[in-house]
Amino acid sequence: MLQQTRVAVVRDRYADFLRRFPNVERLAAAKLPDVLAAWSGLGYYRRARALHAAAQQLVQQGGFPRTAEDLASLPGIGRYTAAAIASIAFDQRRAVVDGNVERVLGRLFAISERDTWGAAGELLSPGRPGDFNQAMMELGATVCLPKAPLCAKCPALAWCQTRGTGPSRGSLLRRKKAIAYRLAIRSRNVFLVQRESHTSLMPGMWELPQTRHGAGKLILRLRHAITNTDYDVSVYLARTANGARGRWANLDKVERLPLTGLTQKILRRSNLI
């Protein structure tokens, strides 16, 4: 959940998710739409799909892998996550490099991103790899900050070759896009359509049908960000499905469906849920 999502957003959702799926077996036995519904609003839904698939694989295997190599074979677990679990949970000697550690090492040794994994491995404490990895991540998160590093408080200042300077990775250019949706309400039911299963973004999720700008009475405007795109969203009131293929969902139960985060936001802003 914390991959590309802020702690403040995750904190409550994490507790709710564990109450609903308290162990691997319960998660593996759950239907994917139920897992996506519990994840709704966190975004990057491929994480939920991978988590569900990983739980099913663990149940089939009959146990949890303890090495970084075996962990990396699970859906959704890459080099960083595998090394983090192996070192912190199982005390395996594996270095971890996330964005914070990458910044610390890049400044400390004046090296490029591609060289940080090697440097992390050389520095790794053989006796307490998990603690060392967490300390490096914490150093980057609290002291070696991206824009205004607190160099005077840094325990590694004496060895730092850049003193907080160094090449900036720059910020990704964000795209802007205007989009319009039709909000059709009938007797406490809202009309929803399902995203195609083959689409790369939020496949199988439920959302309001899109429409053209100016198609009816404008009732809401809001902004929404997805990955590297900022959306200017217009919502128009409607009474019928207007020929769209979808379903009428009861507003009292609609949150049981795997809704897109934007759809949830529109329904809440409209005081419908």
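The values are calculated or read from the model by the stated rules, or taken from the named source; none is laboratory data. Bear in mind that the values here come from a model prediction, so they are computed numbers and not experimental data. A quick note on method: Cβ atoms are made from the backbone with ideal geometry, for glycine too, and the neighbour counts reach across all protein chains shown.
Criterion first (closer than 30 Å to K31 by Cα, among the β-branched types (V, I, T) and surrounded by 14 or more Cβ atoms within 10 Å (Cβ to Cβ)) does T263 satisfy it? So T263 passes the test. Taken over the range 181-203, the criterion of being surrounded by 12 or more Cβ atoms within 10 Å (Cβ to Cβ) and closer than 15 Å to R46 by Cβ is satisfied by R195, L201, M202, P203. Residue-level check: of (1) in contact (Cβ under 8 Å) with a residue 60 or more places away in the chain; (2) under 21 Å from T5 (Cβ atoms), R256 misses just (2).
Annotation: of all residues in the range 1-28 being without any contact (Cβ under 8 Å) to a residue 12 or more places away in the chain and within 19 Å of V59 (Cβ to Cβ), the one that is nearest to the chain's Cα centre (by Cα) is L18.
Out of A89, A95, one residue alone is of a type outside the set (V, I, T), touching a Gly at 6+ places or on another chain (Cβ under 8 Å) and in a loop (DSSP other than H, G, I, E, B). It is A95.
Filtering A244, A178 for residues that are over 30 Å from A50 (Cβ atoms) and exposed (fewer than 15 other Cβ atoms within 10 Å of the Cβ) leaves a single hit, A178.
Looking only at the range 227-271, residues that are assigned to a helix (DSSP H, G or I) and either of a type outside the set (D, E, K, R) or modelled with pLDDT of 90 or more (or both) come to 10 in all. Among the residues of the range 42-49, none qualifies, meaning not one is more than 30 Å from G204 (Cα to Cα) and without any contact (Cβ under 8 Å) to a residue 40 or more places away in the chain.
Candidates R268, R239: the one that is among the charged types (D, E, K, R), over 30 Å from A30 (Cβ atoms) and loosely packed, with under 15 Cβ neighbours inside 10 Å is R239.
Exactly one residue out of V97, V101 is surrounded by 20 or more Cβ atoms within 10 Å (Cβ to Cβ) and farther than 18 Å from P155 by Cβ, and it is V97. All told, A89 falls short of being surrounded by 16 or more Cβ atoms within 10 Å (Cβ to Cβ), of a type in the set (A, V, I, L, M) and touching a helix residue (DSSP H, G or I) at 6+ places or on another chain (Cβ under 8 Å).
Note on the range 204-224: residues that are within 22 Å of G43 (Cβ to Cβ) and in contact (Cβ under 8 Å) with a residue 12 or more places away in the chain amount to 11.
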